[in-house]
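Chemist: Here you go, one structure.
The values are calculated or read from the model by the stated rules, or taken from the named source; none is laboratory data. This structure is a prediction, so every number in the text was calculated from the model and none was measured. For neighbour counting, all protein chains shown are included, and Cβ atoms are generated from backbone atoms with ideal geometry for every residue, glycine included. Ligands, DNA and RNA are excluded from the accessible area calculation, which covers all protein heavy atoms including side chains. Shrake-Rupley method; radii C 1.70, N 1.55, O 1.52, S 1.80 Å.
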Amino acid sequence: MKEHKGFTGQLGFILAAAGSAVGVGNLWRFPYLAAKNGGGVFLIIYLLMVFTVGFALLTTDLAIGRKTGKSAIYAYQSMNSKWKFLGIFTFFVPVIIMTYYAVIGGWILNYIKYFLTGQVTLAADDACFSNFISSNSSVYWSLAFMVLTAVIVFGGVEKGIERVSKIIMPILLIMVLGIAIFSLTLKSTTDNGDLRTGLEGLLVYLKPDFTGMTIRRFLQISLDAMSQLFFSLSVSMGIMITYGSYVKKEVDLAKSVSVIEIMDTAVAMLAGVMIIPAVYVFLGVEGMSAGPGLMFISLPKVFFQMGPAGRIIGLVFFILAAFAALTSCISVLESIVANTTEILNTKRKSTTIVLSAVYLIATAVIALGYSKFYIEVSLPNGSTGQLLDIMDYISNSFMMPLIAFLSSIFIGWVMKPEWIIDEVEYGGKKFTRKGLYIIMTKYCLPVIMFILFLISTGIFTY
């Protein structure tokens, strides 16, 4: 007997879906990609992609979920049995992501401990992060984060996911806005006596920098923006199909998509306002080139240089990051649980327990990938990585662009866009971006996603 599940209404659904979309990618990945890719240039390209590509993919996933009432595998099978394989592909994305997401969550918990106990000097040390992730203690923090995720998913859709999202999301938005405003008030004097201000840092973030812009560089910025879009909006990984299956028919899907787009993008933009001016004030332009180490290496240095207030701001920031990681981690596990209960016809709670046990083991293995299970592998996109990087590459750089490409072919040319549009307009609802959806799904997405797949897998270089 299948347990009843579903969001209580539009607000609960929007906050849960936005919680899935607003994750560590917004707070960590987005700011460093913006700093790396010419500030405003990246922002313009990203915004354009969110409200075209992101809009089309998000609308498709949610409408498929609600119209079929099923999670990814059986959703595609019920639409066309020959395309069940696409549902299987989609299902395996969160299966892979779940192996490492709690590991990142555990890293964040450890930094909360540093700032809570006043170990700001230790957190700001250059070797702190590498020493931590290569130690056995990192495993315990990651396991704790995995347990917390499992407990919330075990509580179910309404009592677990929706209730937590309704509490966490408003707090998260207030915290992001508060720290962003604080960052703009910061000032510091360099060794040369020059004054650096948060407002100057804001200009560095927002002003488009076209210096050295070439077609190759433009393509790289576009590729980074697209990969961030996948990472941020939780599209093409089955999560939004699962969440869509929990949405009631009276909910306005078109309006919900717009709100999720705006909330997710606003948090990402504000994260840049929160982080980049602060890094600029205390570390200069050089500090903004820290890349993936921005959150765990550069920012602790910034908080240390703020003096006594830095301990509080740092603590608030990492609590905020933990909230963002938790809501995303919940959605990933929920997608796996939902699909598994449908495939095996098992009860939700027992399925959650078994899967949580499996992922506790997987989390431990990935966390130990920087110590006991250390390996270094060359990836097709030219980078090298450990276990976590391998899992991230397979899910984000290989499978998600492939799924988005196949999905656009399936919806655009097999099922036809009208199949999705009928669901969005159910009950007489308006779909003002209907024309854009048809153009994106039939013509733009197949080309864009095919090129992205070829580039991200190293098949095509430029």
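Conditions (1) out of contact with any His (no Cβ under 8 Å at 6 or more places or on another chain); (2) acidic (Asp, Glu); (3) over 16 Å from Leu58 (Cβ atoms); (4) assigned to a loop (DSSP other than H, G, I, E, B), marked per residue:
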{"residue": "Ser395", "(1), (2), (3), (4)": "yes, no, yes, no"}
{"residue": "Met400", "(1), (2), (3), (4)": "yes, no, no, no"}
{"residue": "Leu406", "(1), (2), (3), (4)": "yes, no, yes, no"}
{"residue": "Ile420", "(1), (2), (3), (4)": "yes, no, no, no"}
{"residue": "Tyr437", "(1), (2), (3), (4)": "yes, no, no, no"}
{"residue": "Thr441", "(1), (2), (3), (4)": "yes, no, no, no"}
{"residue": "Ile455", "(1), (2), (3), (4)": "yes, no, yes, no"}
{"residue": "Phe460", "(1), (2), (3), (4)": "yes, no, yes, yes"}
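Chemist: Read through the list (1) farther than 19 Å from Lys187 by Cα; (2) surrounded by fewer than 24 Cβ atoms within 10 Å (Cβ to Cβ), then give the number of the only condition that Val267 fails.
Modeler: (2) is the only condition that Val267 fails.
Chemist: Hey, any hits in segment 170-193 for a residue that's open to solvent by 40 Å² or more (accessible area, probe 1.4 Å), among the hydroxyl-bearing types (Ser, Thr, Tyr) and more than 17 Å from Gly272 (Cα to Cα)?
Modeler: Yes: segment 170-193 contains one or more residues that are open to solvent by 40 Å² or more (accessible area, probe 1.4 Å), among the hydroxyl-bearing types (Ser, Thr, Tyr) and more than 17 Å from Gly272 (Cα to Cα).
Chemist: So, one more: Can you tell me which of Lys442, Lys434, Lys430 is among the basic types (Lys, Arg), open to solvent by less than 50 Å² (accessible area, probe 1.4 Å) and touching a residue at least 12 places away in the same chain (Cβ under 8 Å)?
Modeler: Lys442
To keep it simple, each residue is scored yes or no on (1) in contact (Cβ under 8 Å) with a residue 40 or more places away in the chain; (2) surrounded by 15 or more Cβ atoms within 10 Å (Cβ to Cβ).
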site: Ile375; (1), (2): no, no
site: Thr384; (1), (2): no, no
site: Asp389; (1), (2): no, yes
site: Ile411; (1), (2): yes, yes
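Chemist: On the given criteria, is Val302 open to solvent by 60 Å² or more (accessible area, probe 1.4 Å) and either in contact with a Ser or Thr (Cβ under 7 Å, 6 or more places away or on another chain) or aliphatic (A, V, I, L, M) (or both)?
Modeler: no
Chemist: When the residues of segment 364-373 are narrowed to those that are open to solvent by less than 60 Å² (accessible area, probe 1.4 Å) and of a type outside the set (Val, Ile, Thr), which ends up farthest from Met399 (Cα to Cα)?
Modeler: Checking each candidate, the answer is Ser371.
Chemist: Follow-up. Just to be sure I understand, how many residues within segment 27-47 are out of contact with any Phe, Trp or Tyr (no Cβ under 7 Å at 6 or more places or on another chain), part of a helix (DSSP H, G or I) and within 17 Å of Gly293 (Cβ to Cβ)?
Modeler: Of the residues in segment 27-47, 7 are out of contact with any Phe, Trp or Tyr (no Cβ under 7 Å at 6 or more places or on another chain), part of a helix (DSSP H, G or I) and within 17 Å of Gly293 (Cβ to Cβ).
Chemist: Being without any contact (Cβ under 8 Å) to a residue 24 or more places away in the chain, of a type in the set (A, V, I, L, M, F, W, C) and surrounded by fewer than 20 Cβ atoms within 10 Å (Cβ to Cβ) narrows it down to one residue among Ile353, Ile343, Ile361; which is it?
Modeler: Criteria check complete, one pass: Ile361.
This table checks each residue for (1) modelled with pLDDT of 90 or more; (2) not hydroxyl-bearing (Ser, Thr, Tyr).
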| position | (1), (2) |
| --- | --- |
| Ile330 | no, yes |
| Lys347 | yes, yes |
| Thr352 | yes, no |
| Ile361 | yes, yes |
| Gly369 | yes, yes |
| Asn396 | no, yes |
| Ser408 | yes, no |
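Chemist: Does any residue in segment 111-139 that is among the charged types (D, E, K, R) come within less than 7 Å, Cβ to Cβ, of a residue that is loosely packed, with under 15 Cβ neighbours inside 10 Å six or more places away or on a different chain, and which pairs are these?
Modeler: Correct list of pairs: empty, since none qualify.
Chemist: Can you tell me how many residues in segment 167-213 are farther than 28 Å from Ile262 by Cα and either part of a strand (DSSP E or B) or modelled with pLDDT of 90 or more (or both)?
Modeler: Going through segment 167-213 one residue at a time, the tally reaches 6.
Chemist: I've got another one for you. At least 2 residues that are farther than 30 Å from Asn192 by Cα and in contact with a helix residue (DSSP H, G or I) (Cβ under 9 Å, 6 or more places away or on another chain) in each: list the helices (runs of 4 or more DSSP H) lying fully within segment 281-387 that qualify.
Modeler: Passing ranges, in order: 308-344, 348-367.
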